[in-house]
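The values are calculated or read from the model by the stated rules, or taken from the named source; none is laboratory data. In this text the structure is predicted, and so the values were computed from the model without any measurement. Positions of Cβ are generated from backbone atoms using ideal geometry, with glycine treated the same way; all protein chains shown enter the neighbour counts. Quick note on the areas: whole protein, heavy atoms, side chains included, nothing else; ligands and nucleic acids left out. Shrake-Rupley method; radii C 1.70, N 1.55, O 1.52, S 1.80 Å.
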Amino acid sequence: MKQDFVLKGFSLSKGIAIGRVYYLPRSSSITSTSATKINADYEISRFRNAIGSSKKDLKFLQKSLLQEGKEEVVEILDTHLEMLQDPFITGAIEEKIRHSQNHTAEMIFLEEISHYKKKYSSHSYPFFQERIRDVNDVSQRILSYLQPAKRLQIEALAPGSILIAEEIEPSMVAEVDVKNVCGLITNLGGFSSHAAIIARAKVLPFVG
């Protein structure tokens, strides 16, 4: 039995979308794992490969966006690339993996990123809140390569899809093919958020 219902929100990017809803699960569905004994060199190699693949993703995405004339989006992704080169995310985490006895790369990474986000959570200014979203975005991309079975396949969505989620990462909005995705709905996010800025640049209707 079908039932109509109405969701009310604010327009973060103008437009009208009609299509089939696709629900994006919370990013926390990507979980950490541990083992009785690990090979530190192997775990570090996995981590480095995840970092490298994430960089390739973002650089390829920037190249595509530049060809579309979306310079403002490219600048946002520059921030993400800088984070991937931050010694905290690379050297410091590798050092912890090397001295771990039974923690996998993703478990240590999740723990360290959690500490990193707490520093920004203590500030209420919009800049720091947006920084937390950037950290979430980058960390989820890295984790998706450490646990590829749980990687979301946005590119596989059928034409006329409307994404609905608690929150959507900026780089995911940048990756969206507007020929397949015609709208976004989230519970969290504001007009000045990076996700909203990118949606407007792509002329993608967005309600938050």
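At 1.4 Å probe size, with the rest of the protein present, what percent of the exposed accessible area of the chain is carbon and sulfur atoms? Can you show the working numbers first?
Values: 6570 of 12040 Å².
Using a 1.4 Å probe with all protein chains present, the chain comes out at 55 percent carbon and sulfur.
Suppose only helical runs count, i.e. DSSP H with n ≥ 4. What mean residue ellipticity at 222 nm does that imply for the chain under -39500 (n - 2.57) per run, divided by all residues and rounded to the nearest 500 deg cm²/dmol?
Values: 7 runs with 100 residues, N = 208.
About -15500 deg cm²/dmol.
With a 10 Å radius around each residue's Cβ, average the other Cβ atoms per peptide and rank 8-19, 188-199, highest first.
Details: 8-19: 13.2, 188-199: 20.6.
Averaged packing, sorted descending, gives the order 188-199, 8-19.
For the cross-link pairs K56/K96; K70/K119; K56/K202; K63/K179, which exceed 30 Å when the distance is taken from alpha carbon to alpha carbon? Don't skip to the answer; put the middle values down first.
On the way: K56/K96 25 Å; K70/K119 32 Å; K56/K202 22 Å; K63/K179 19 Å.
Table pairs above 30 Å Cα-Cα are K70/K119.
For the chain, give me the percentage of DSSP beta bridges that are antiparallel, rounded to the nearest 5 percent. Before the final figure, lay out each step's value.
Details: 3 of 14 bridges.
About 20 percent, rounded to the nearest 5.
Which value, in Å³ per residue, describes the convex hull spanned by the Cα atoms of the chain?
Values: hull volume 28.7 nm³, N = 208.
Residue-normalised Cα hull volume stands at 138 Å³.
How do the peptides 113-120, 163-170 rank, highest first, by the average count of neighbouring beta carbon atoms within 10 Å per residue? Working shown, then result.
On the way: 113-120: 14.0, 163-170: 21.0.
Listed from highest to lowest mean packing, they are 163-170, 113-120.
Given a 1.4 Å probe, how much area per residue of the chain is accessible, in Å²?
Details: 12040 Å² over 208 residues.
Result: 58 Å² per residue.
Please list log₁₀ I(q)/I(0) at q = 0.17 Å⁻¹ for segment 85-174, using the Debye equation with identical point scatterers on the alpha-carbon positions.
After summing over all Cα pairs, the log10 values are -0.86.
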